[in-house]
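What follows is a single structure, written as structure tokens, with notes after it.
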Amino acid sequence: MPAALDDIISLMEHLPEGERRGLLVHYAESAGLCAPQPGESFDLEDIRKDEECTDTVGIHLRVDDRNRVFFRVSLGHEVQTLTRAMTAILCKGLNGSTPEEILALEADFVPRLIGADLVRQRSQTVYYVLGRMKAALTVWNNRRRAAGVA
């Protein structure tokens, strides 16, 4: 578990339900800070609208020369609040991690983060962004292997 993500989970899992939902709304409102910035370049960009999401989501991936991963995520206007919150949390919690740490990350932390009730209500939504991030990283890894880069 990347340390930054673990810190966010540790904070949120001990909050009363009302405060947790309030913090999720705060994260959702800050999701715009995770959007690509002018002049940034990426190693991989995957922008599309999937069936399980209400609008287009773009995953923008950069891996630096120290093998640290950085995500930016672009979200369409219709993307739901919980997806926006997960975007901000994952960008903050995963940026600076290694590809191996992210690909090994099990999704079982999600109920600790957002609460079991929201997981039941929004089962597809809560895992969507993490799945897209891991898929982009897998494509990046496969391209590196095909190019003969270890």
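Overview of results
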read-out	value
Thr125, Thr54 arranged by Cβ crowding within 10 Å, fewest neighbours leading	Thr54, Thr125
Computed magnitude of the charge dipole of the stretch 3-142 (debye, nearest 20; Cβ of K, R +1, Cβ of D, E -1)	140 debye
CD proxy at 222 nm, helix term only [per DSSP H run n ≥ 4: -39500 (n - 2.57); per residue of the chain; nearest 500]	-16000 deg cm²/dmol
Of Met12, Met133, Met86, the one that fluctuates the most in a GNM where the chain has Cα springs shorter than 10 Å	Met12
Fluctuation leader among Asp43, Asp55, Asp108 - the chain, Gaussian network, Cα springs under 10 angstrom	Asp108
Partnerless Cys - the chain, beta-carbon criterion under 4.7 Å	Cys53
Folded to 0 to 90 degrees: helix 123-146 orientation relative to the chain principal axis, Cα	10 degrees
Likely footprinting exposure, Glu101, Glu51, fewest C-beta neighbours within 10 Å first	Glu51, Glu101
Gaussian network model of the chain, Cα within-10 Å springs - most flexible of Ile89, Ile59, Ile102	Ile102
Label-point gap, in nm, between Leu44 and Thr138 - each point 7 angstrom along Cα→Cβ	1.0 nm
The chain: Rg to Rh, with Rh as the Kirkwood radius over Cα pairs	0.96
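Each reported figure results from applying straightforward, stated rules to the coordinates on display, with no laboratory input. All values reported here derive from a predicted model rather than from experimental measurement. Using ideal geometry, Cβ is built from the backbone for each residue, glycine included, and neighbour counts are taken over all protein chains shown.
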